[in-house]
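Notes to accompany the following structure.
The values are calculated or read from the model by the stated rules, or taken from the named source; none is laboratory data. Owing to the predicted nature of the structure, the values given are computational and were not obtained by experimental measurement. Virtual Cβ from ideal backbone geometry, glycine too; neighbours counted across all protein chains shown. Protein only, heavy atoms only, side chains kept; ligands, DNA and RNA dropped before computing areas. Shrake-Rupley method; radii C 1.70, N 1.55, O 1.52, S 1.80 Å.
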Amino acid sequence: MTSATATTTTAPRATPKVTSIKLPKPSAKIAGQAKDVWTIVNEAAVEAQASLPFPVLNLGQGFFSYNPPDFAIKAAQNALNDVSCNQYSHTKGRPSLRKALAAAYEPSFGRKINWETEVVVTSGANEGMFSAFTAFLSDGDEVIVFEPFFDQYISNIQLPGGKVVYVPLVPPSDNDIRTVSSSEWKIDFEDLRSKVSPRTKMIVVNSPHNPVGKVFSREELEKIGQIAVENNIIVLSDEVYDRLYYTPFTRMATLSPELQRLTLTVGSAGKTFSATGWRVGWLIGDAELIKYVSAAHTRICFAVNSPLQEATAVALREAAKPENTFFADHVEAYKRKFRSFNRIWDELSLPYTDPEGGYFVLVNFSKVKIPEDYQFPEDVTVGRAKDFQMAYWLIKEIGVVTIPPTEFYLPEHAHLAENYLRFAVCKTDDYLEEAVERLRLLKPYIQN
């Protein structure tokens with residue numbers, strides 16, 4: 001007997017018709033932002049590398065081209081073998097790190113710091129500052145920021161609803177013809193006082209300053225502090241470069257009992273130990289201020305990665321030992337880096353701003369003449385000052401990445417810095433030496 005098997009044929013499915021779906025609009029706080037300088041220079045660097053016969057050298061962004069000290073690396077490796085370091089840490093930070101931070105800051109603060117109530121650990125200094133702005137700003141509250149500014153300040157203030165009020169640092173009038181000290185970039189205190197209003201909630205002070213390299217003098221800080229105390233304004237003191245200063249350095253929080261209560265001091269393991277990828281930062285301040293910063297931080301990211309918190313704690317304790325000379329050696333190393341790198345500007349007769357702190361140098365390129373028929377993309381021409389074109393040309397033709405500092409200004413103040421470019425010297429000595437040799441290619445383009 002033969003059995004037949006029925007075969008069922010399935011008709012092919014019709015391809016669904018693709019319809020255009022209009023997605024919801026993003027927040028106006030995000031959608032209106034132009035392409036940022038980091039994207040522009042990195043895209044230009046990739047394009048340049050495809051056509052240049054030598055490697056593109058990145059002196060633009062402030063990341064290091066070498067590792068943290070061995071004792072910090074070892075601490076990070078050991079932390080990964082600790083069970084507790086692979087789990088959540090307390091939202092305010094690991095006790096070991098908060099204790100180490102209190103011990104590290106007490107000598108310069110001249111007082112005991114309560115590690116439980118006066119310290120909060122954050123996911124990098126940037127998140128710490130965002131937490132501070134989120135903690136204290138309501139819609140329409142104003143924050144005074146000095147130009148040039150760290151670009152993250154602006155979005156960090158605006159996202160919680162704050163309004164940025166700008167006060168430019170004023171360079172010396174003859175900065176196009178001579179090398180100047182960063183101390184010569186001055187605050188117009190009449191301008192500063194005029195910008196204070198009943199809505200002023202905070203003022204941001206960055207010392208040592210990025211990108212000018214200015215270490216604010218005690219007298220300047222006292223004047224800023226007086227304004228803050230008179231108007232009950234919180235001072236966000238961004239001191240992430242506090243281990244790289246080449247002239248006397250004063251902490252805002254140490255100037256008076258009133259300023260001690262009004263100041264939030266910001267620090268960074270990334271800058272302290274050449275480990276920007278660790279993303280460990282902190283804020284130190286009066287317990288009543290830290291309470292609200294900590295509450296905002298908890299809502300933003302809850303906790304910071306545990307292994308690198310522990311590594312930072314161990315590194316701080318190691319660096320504090322009398323036989324450990326890391327911090328002193330680090331300062332001397334950067335003095336040498338600046339001397340070695342800045343000799344190219346002396347050789348080319350290009351003026352620069354000699355920094356008192358940090359690892360950036362502003363160089364005046366007003367004597368460098370780009371060919372008149374050079375073609376630029378709209379990204380560096382439309383709504384941009386001329387330093388964007390200079391930076392683009394330097395990447396594409398000389399193979400050196402730098403940052404146009406007018407990114408850190410309002411358009412109406414861009415003229416103060418449009419002749420400058422910012423260079424980062426946080427690189428190995430060999431890398432900087434290669435950059436010096438490369439920059440000699442500028443000679444045919446310099447007109448004295």
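Residue farthest toward the positive end of the dipole of the chain, with Cβ of Lys/Arg at +1 and Asp/Glu at -1: which of Asn232, Tyr420, Val121?
Val121
Taking a probe of 1.4 Å, how large is the accessible area per residue of the chain, in Å²?
46 Å²
Among all the lysines, which ones have a C-alpha under 17 Å from Lys443's C-alpha, if same-chain residues fewer than 8 places away are not counted?
Output for Lys443: Lys367, Lys369, Lys396.
What GluC sites (Glu not before Pro) in the stretch 276-374 are in a loop by DSSP, with at most 15 other Cβ atoms within 10 Å of the Cβ?
Working: sites: Glu288, Glu310, Glu318, Glu323, Glu332, Glu347, Glu356, Glu372; in loops: Glu323, Glu356, Glu372.
Counting only loop positions with at most 15 other Cβ atoms within 10 Å, the GluC sites (Glu not before Pro) in the stretch 276-374 are Glu323, Glu372.
Can you list residues whose amide H is under 5 Å from Tyr352's amide H, if they're 5+ apart or on another chain and H is modeled 1.01 Å from N?
Thr179, Val180, Asn364
When the dipole is taken about the Cα centre of the stretch 80-228, and only Lys, Arg (+1) and Asp, Glu (-1) are charged at their Cβ, what size is it in debye, to the nearest 20?
500 debye
Calculated from DSSP H runs of 4 or more alone, at -39500 (n - 2.57) each and per residue, what is the 222 nm mean residue ellipticity of the chain, nearest 500?
Working: 15 runs with 165 residues, N = 448.
Rounded to the nearest 500, the figure is -11000 deg cm²/dmol.
Short version: ³J(HN,Hα) in whole Hz for each residue of the stretch 355-368, in order, from phi by Karplus 6.51 cos²θ - 1.76 cosθ + 1.60 (θ = phi - 60°), x for Gly and Pro, what are they?
Whole-Hz 3J(HN,Hα) from phi for the stretch 355-368: x, 9, x, x, 9, 10, 9, 8, 10, 8, 9, 5, 7, 8.
PRE reach from Ser340 (point 7 Å along Cα→Cβ): which of the stretch 359-401 fall under 17 Å by backbone N?
In the stretch 359-401, the label zone of Ser340 (backbone N under 17 Å from the point 7 Å along Cα→Cβ) covers 359-361.
When only the heavy atoms of the protein chains count and the probe is 1.4 Å, how do Arg199, Arg98, Arg299 rank by accessible area, highest first?
The ranking, largest first, comes out as Arg299, Arg199, Arg98.
If you add up the charges near Pro405, with Lys and Arg at +1 and Asp and Glu at -1, over every other residue whose beta carbon is less than 10 angstrom from its beta carbon, what do you get?
-3
Using a 7 Å offset from Cα along Cα-Cβ at Tyr431, what residues in the stretch 339-376 end up with backbone N under 15 Å from the label point?
Zone members listed by number: 341, 359-361.
So, with +1 on the Cβ of K and R and -1 on the Cβ of D and E, and no other charges, what is the size of the charge dipole of the stretch 290-448 about its Cα centre, to the nearest 20 debye?
Once rounded to the nearest 20, the dipole reads 280 debye.
Mind putting a number on the dipole of the chain about its Cα centre? Charges go on the C-beta only, +1 for Lys and Arg and -1 for Asp and Glu, and I need it in Debye to the nearest 20.
Working: 47 positive and 53 negative charges, 251 e Å.
Charge dipole of the chain: 1200 debye, to the nearest 20.
Given springs between every Cα pair under 10 Å in a Gaussian network model of the chain, which of Lys223, Lys186, Lys335 has the largest fluctuation?
Checking each option, the largest mean-square fluctuation is seen for Lys223.
Among the lysines, which fall within straight-line cross-link reach of Lys99, defined as a Cα-Cα distance under 21 Å, with same-chain neighbours fewer than 8 residues apart omitted?
The qualifying lysines are Lys74, Lys112, Lys271, Lys291, Lys321.
Hey, with R₀ at 60 Å, roughly what FRET efficiency would Glu106 and Ser51 work out to, going by the Cβ-Cβ distance, to 0.05?
Here the calculated transfer efficiency is 0.65.
Between His90 and Glu323, with labels modelled 7 Å along Cα→Cβ, what's the label distance in nm to one decimal, could you check?
Spacing of the two 7 Å Cα→Cβ label points: 3.1 nm.
Taking the structure as given and computing volume of the Cα convex hull per residue in Å³, which label from (i) 243; (ii) 171; (iii) 275 fits?
From the options (i) 243; (ii) 171; (iii) 275, the structure gives (i).
Contact order normalised by length for the chain, with contacts defined as Cα pairs under 8 Å and 6 or more residues apart; what percent is it?
Relative contact order comes out at 24 percent.
Amide H neighbours of Tyr246 under 5 Å, at least 5 residues apart or on other chains, H built in the peptide plane: list them.
Gly357
In whole percent, how big is the carbon plus sulfur part of the accessible area of the chain, probe 1.4 Å, protein atoms only? Mind showing how you got there, number by number?
Values: 10740 of 20730 Å².
Result for the chain: 52 percent of the exposed heavy-atom area is carbon or sulfur.
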